[in-house]
2 protein chains.
Amino acid sequence: MTYSELYQQIQQKRSFLCVGLDTDINRIPTHLLDAEDPVFEFNRQIVDATLDYAVAYKPNLAFYEAQGEKGWQSLRRTIQYIRKARSLVFILADAKRGDIGNTSGLYAKAFFDDLKADAVTLSPYMGSDTVMPFLKYENKWVVLLALTSNNGANDFQFLKDRKGEYLFEQVLKKSKKWASAEQMMYVVGATKAVYLKRVRAIVPDHFLLVPGIGAQGGNLEEVALYGMNTHCGLLVNSSRGIIYAGAGVDFASKASDKAAELQQQMEFLLKKYMVI
Amino acid sequence: MTYSELYQQIQQKRSFLCVGLDTDINRIPTHLLDAEDPVFEFNRQIVDATLDYAVAYKPNLAFYEAQGEKGWQSLRRTIQYIRKARSLVFILADAKRGDIGNTSGLYAKAFFDDLKADAVTLSPYMGSDTVMPFLKYENKWVVLLALTSNNGANDFQFLKDRKGEYLFEQVLKKSKKWASAEQMMYVVGATKAVYLKRVRAIVPDHFLLVPGIGAQGGNLEEVALYGMNTHCGLLVNSSRGIIYAGAGVDFASKASDKAAELQQQMEFLLKKYMVI
């Protein structure tokens, strides 16, 4: 998907919602466990229920890998299903990979050629060698970890160099030379909304993938205030808050309600901070 | 596997060789392609051919994931096969994962519970939250990226803080408080052997996983000189140099010769720098 296609979807749906498919076989409603592929069946219903409100879906690889071959198959089916949906949707494999050279190229093959995702999350620790092999794919994206929403982010991401710059700022500055805003996004945690200003000073045009709304305590209004740019420039993710909004047979309609609620907040913010 | 079991294997085999199973379906000898699972068949023969000389095997996840469900199955079969070998072997899943909390816990489940690896490589960027869930598993190991052997290592790992310390030194200093040398190792690239001194100043007791011998240009003598400790403290990896030593029907015996050659160099170095 291209930058302008993504922006079009945001305008059409008046939403910058990304639904995180952190689908845990131990948390899905029991009536689904008889299905041939319960994880896929859960995802299918979640996608149907939230498609009007979401511009992106983000399956988290760990949840699928923990089920081995079967999980990989559920993931593949889920992506195939989303690809056939009635609207164009951005699919982001949240894999946080970070290897180099031919190894990195094989991960790109796995996520782009084989699974047909639009984007993959990567870790910057090994530098440009991690990112480059993914950039060879046209209209595919790298979403690089910059500033994450967890407590452990303080361990290294806030280390200061001799000029007083944080590591996450160095990551932004260096990596933005590797690819344009049409192929690169950054993960910036919502619990650190105050730092969005510093992020935007370095990467004004890039999309930011913002996790940490809801369960992790981030504030959507603050994220929009500091993070929105002229093309919205935000994908805000909610996982558990949506997909586990209900635990019974009505889980999909509960998820739909929750996604609709977030969409309405997002529409309000899009009107407030942009002209759409 | 425990620290002392690993050290015992090193003493018995007079080797600290780790064989990297970077098994690429496009590079294995053509006569294997008729097998039901060519990747497993290749790995099985490589393991049989190198088991006398290697104390560890390191499948690189990207090579298996690029084959989807089938690749995952080849990996599982390979690990099961190594587990039944006539000697105790350390199995390291080279996955370079780096997520947090429950997600990190699911990766731990995938690699330790499901695949039965002894260790997994992790990226430090997201801090302690990445590592902690893996440490709950007894006699299982985290191998944390510290200083890697690729050019991109210069992008961030050598950033200096206000005290003049490199990022990789900060990673070592902080992370060594999270786990003892009985559960944590570090990746230190052989092409940066001169920095092994700085690494050893911070983590004298930990095992170091050293890639970059051979194809990547590292020097085994230098690695031993600067990196060896009283329990050897080194696992030196060779992947392509061994597994692709031959390309015909005799690939396994070529791999065996190459592994034997490295084992002899290692035996010499163990005698030179330690008393075994």
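Read-outs: derived from the displayed coordinates by stated rules, not from any lab. On a predicted model such as this, the values are computed, not experimentally measured, just so you know. Using ideal geometry, Cβ is built from the backbone for each residue, glycine included, and neighbour counts are taken over all protein chains shown.
The protection proxy used here, the mean number of other Cβ atoms lying within 10 Å of each residue, ranks peptides A:154-163, B:227-236, B:51-60 as follows, highest first: B:51-60, B:227-236, A:154-163. Only aspartates and glutamates eight or more places from A:K272 in sequence, or on another chain, were considered; those with a Cα closer than 16 Å are A:E221, A:E222. Between B:E138 and B:N26, the simple label model (points 7 Å from Cα in the Cβ direction) yields a spacing of 4.5 nm. Electrostatic tally near A:K96: other residues with Cβ closer than 10 Å to its Cβ, Lys and Arg +1, Asp and Glu -1, net +1.
Peptide A:140-147 has a mean of 1 when you count, residue by residue, the C-beta atoms of other protein chains within 10 Å of its C-beta.
Computed from Cα positions, the angle between helix B:68-83 and the longest principal axis of chain B comes to roughly 90 degrees.
Across the copies of the chain, B:K163 has label points (7 Å from Cα along Cα→Cβ) spaced 2.3 nm apart, shortest distance listed first.
The charge dipole of the protein assembly as shown, taken about the Cα centre with unit charges on the Cβ atoms of Lys, Arg (+1) and Asp, Glu (-1), comes to about 1460 debye, rounded to the nearest 20. Copy-to-copy label distances for B:K84, where each label lies 7 Å from Cα along Cα-to-Cβ, are 4.0 nm in order of increasing length.
Does the protein assembly as shown come out rounded, prolate or oblate, given a ≥ b ≥ c as the square roots of the eigenvalues of its C-alpha gyration tensor, rounded meaning a/c under 1.5 and, failing that, prolate meaning a/b above b/c? Prolate, since a/c reaches 1.5 and a/b exceeds b/c.
Find the centroid of the Cα atoms in segment B:138-212 and in segment B:57-115, then give the distance between the two in whole Å. Value for the Cα centre distance between the two parts: 22 Å.
Residues whose amide H lies under 5 Å from that of A:G20, counting only those 5 or more places away or on a different chain, are A:K58, A:S238, A:S239; hydrogens are built 1.01 Å from N in the peptide plane.
Full extension from A:N219 to A:A201: what is 0.36 nm times the residue separation minus their Cα-Cα distance, to one decimal in nm?
Details: separation 18, 0.36 × 18 = 6.48 nm, distance 2.02 nm.
Length gained, A:N219 through A:A201: 4.5 nm.
Taking 0.36 nm per residue of separation and subtracting the Cα-Cα distance, what length does fully extending A:Q11 through A:K174 add?
Numbers: separation 163, 0.36 × 163 = 58.68 nm, distance 3.08 nm.
The A:Q11-A:K174 span can extend by a further 55.6 nm.
Spin-label model, A:F158 to B:K116: label points 7 Å out along the Cα-to-beta-carbon direction sit 4.4 nm apart.
What does the charge add up to near A:I79, with Lys and Arg as +1, Asp and Glu as -1, over the other residues with Cβ less than 14 Å from its Cβ? The partial results should precede the final answer.
Values: positive: A:R44, A:K58, A:R76, A:R77, A:R83, A:K84, A:K116, A:K140; negative: A:D37, A:D94, A:D113, A:D114, A:D118, B:E69.
Summing Lys/Arg as +1 and Asp/Glu as -1 gives +2.
Pairs spanning more than 32 Å between alpha-carbon atoms, out of B:K58/B:K176; A:K116/A:K173; A:K197/B:K140; A:K174/B:K173; A:K174/B:K258; A:K58/B:K84: A:K197/B:K140; A:K174/B:K258; A:K58/B:K84. Expressed as an acute angle from 0 to 90° and rounded to the nearest 10, what is the orientation of the C-alpha long axis of helix A:251-273 relative to the principal long axis of chain A? Relative to chain A, helix A:251-273 is tipped by roughly 30 degrees. Within the listed set B:E138, B:E222, B:E182, the Gaussian network model of chain B (springs between alpha-carbon atoms below 10 Å) gives the highest mean-square fluctuation for B:E138. Restricting attention to the protein assembly as shown, close to 10% of DSSP beta bridges with both partner residues there are antiparallel. Taking a sphere under 15 Å around the Cβ of A:V188 and counting the other residues whose Cβ falls inside, with K and R at +1 and D and E at -1, yields a net charge of +4.
Adding -39500 (n - 2.57) for every DSSP H run of four residues or longer, then dividing by how many residues chain B holds, sets the calculated 222 nm ellipticity at -12000 deg cm²/dmol.
Taking the DSSP bridge list for segment A:151-276 and keeping only pairs wholly inside it, about 20 percent are antiparallel.
With label points set 7 Å from Cα along Cα→Cβ, the inter-copy distances at B:S4 are 6.9 nm, sorted shortest first. The A:F268 and B:D250 beta-carbon pair, evaluated with R₀ = 60 Å, returns a calculated FRET efficiency of approximately 0.30.
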